[in-house]
Amino acid sequence: MAQTQTMPQTRKRKSSWSAEHVVVHALLIFFVLLALGPIFVVILNSFKTTPGIFLGPFDLPNTKTFSIDGYFRVFTRGNIVGNYVNSLIVTVTTIVLTVVTAALAAFALVEYKVRLAPILAGLFIVGIMLPIRLGTVPILEIMIAWNLVDTLTSLILVYTAMSIPIAVTLMVAYFRTVPTELKEAARIDGAGEFRTFLIALPIVKPGLAAVATLTMLPVWNDLWFPLILAPSRQNQTVTLGVQQFVGQFMNDYPALLAALTLGIVPLIVLYVIFSRQFIRGLSQGVGK
């Protein structure tokens with residue numbers, strides 16, 4: 001009996017590595033290398049001298065080519081610390097505003113059966129399809145009228161407006177899965193609408209994590225609006241600051257690659273830490 005029980009398990013393990021699975025895993029590994037390869041090359045060459053970069057761009061740094069002078073010049077000649085502070089202020093504030101606003105709006109769209117609810121939900125979907133950069137000129141005119149040009153506040157407002165449509169659409173799918181009995185029991189016990197919202201909030205935590213991650217990536221990487229709305233040195237974000245190094249260190253490739261590395265490393269670290277929550281939240285939102 002023991003042999004008959006172990007044989008099917010062995011067959012199942014062998015059959016799991018069929019030709020189809022091998023091809024799928026090979027393709028996944030290929031695309032991972034294709035995506036991470038350029039990042040690895042940039043980080044690798046940021047620790048080299050200029051001759052080392054051109055003579056062996058894919059070689060590991062050795063005693064002759066290793067150098068951290070590029071990082072030294074970035075910190076001494078640039079404003080990388082100030083750029084990081086500005087990007088953190090804009091990104092964190094935008095994430096908080098987006099998550100809070102989207103959660104409240106999604107809860108209202110699910111709970112309150114009013115005639116305008118389908119229209120409002122449709123407007124959020126339209127907001128996903130229309131790129132916000134098409135409205136750059138009106139946005140700039142509004143910021144000029146409000147005296148917000150060349151401030152971090154203008155970036156926060158624009159990024160929050162840009163992130164809310166997809167955030168609300170995703171959170172609506174999550175709030176629809178909250179058991180109605182739970183909300184009715186809370187209201188029977190005397191809980192108000194805001195208290196009911198707080199009771200339902202832990203159930204939609206994966207959605208909140210997905211919204212936060214989806215908001216963080218485009219805000220941190222954006223170059224368009226910082227270049228238009230906050231171009232001064234004291235308000236530059238990391239992405240805009242890195243672009244300034246392209247002109248400032250046009251022939252100093254170690255400094256340029258060091259600036260690029262300092263710009264992409266935080267995103268890699270954050271994604272590695274929160275990748276499980278992001279994938280779980282996004283996949284569950286699609287499934288719902």
Can you tell me which residue is farthest from I268 (Cα to Cα) among those in segment 221-239 that are in a loop (DSSP other than H, G, I, E, B) and among the aliphatic types (A, V, I, L, M)? A230
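Listed here are the residues, each with its yes/no results for (1) surrounded by 18 or more Cβ atoms within 10 Å (Cβ to Cβ); (2) modelled with pLDDT of 90 or more; (3) over 23 Å from the mean Cα position of the chain (by Cα).
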site	(1), (2), (3)
K14	no, no, yes
S18	no, no, yes
V24	no, no, yes
F58	no, no, yes
V85	no, yes, no
T98	yes, yes, no
Which of (1) part of a helix (DSSP H, G or I); (2) within 21 Å of V100 (Cα to Cα) is the odd one out, the single condition I144 does not satisfy? (2)
Note down all Cβ pairs under 7 Å where the first residue falls in segment 258-285 and is within 22 Å of R73 (Cα to Cα) and not assigned by TED's automatic domain parsing to the domain that holds Q243, the second is modelled with pLDDT of 70 or more and not charged (D, E, K, R), and they're at least six residues apart or on different chains. none
Just one of the numbered conditions (1) in contact (Cβ under 8 Å) with a residue 40 or more places away in the chain; (2) surrounded by fewer than 19 Cβ atoms within 10 Å (Cβ to Cβ); (3) closer than 21 Å to I95 by Cα is not true of E111; which one? (3)
So T153 ticks every box in (1) touching a Leu at 6+ places or on another chain (Cβ under 9 Å); (2) modelled with pLDDT of 90 or more; (3) β-branched (V, I, T) but one. Which box is left unticked? (1)
Among the listed residues I29, I95, which satisfies the condition of being part of a helix (DSSP H, G or I) and in the same structural domain as I164 (by TED's automatic domain parsing)? I95
Enumerate the pairs (first residue in segment 75-91 and in contact (Cβ under 8 Å) with a residue 40 or more places away in the chain and of a type in the set (S, T, Y); second residue anywhere and outside any helix (DSSP H, G or I) and surrounded by 16 or more Cβ atoms within 10 Å (Cβ to Cβ)) with beta-carbon separation below 7 Å, excluding pairs fewer than 6 apart on the same chain, so at least 6 apart or on different chains. S87/T237
Among the listed residues L155, L223, identify the single one that is touching a Phe, Trp or Tyr at 6+ places or on another chain (Cβ under 7 Å) and under 21 Å from G135 (Cα atoms). L155
Only one of V238, V242, V246 that is modelled with pLDDT under 90, of a type in the set (A, V, I, L, M, F, W, C), surrounded by fewer than 20 Cβ atoms within 10 Å (Cβ to Cβ) and under 30 Å from P138 (Cα atoms): V246
Set L182, L170, L201: member being over 30 Å from V74 (Cβ atoms), buried (at least 17 other Cβ atoms within 10 Å of the Cβ) and among the hydrophobic types (A, V, I, L, M, F, W, C): L170
State yes or no: is Y112 farther than 30 Å from A200 by Cβ and of a type in the set (S, T, Y)? no
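The values are calculated or read from the model by the stated rules, or taken from the named source; none is laboratory data. Just so you know, these numbers come straight off a predicted model, no measurement behind them. In this analysis, Cβ positions are derived from the backbone assuming ideal geometry, glycine residues included, and neighbour counts consider all displayed protein chains.
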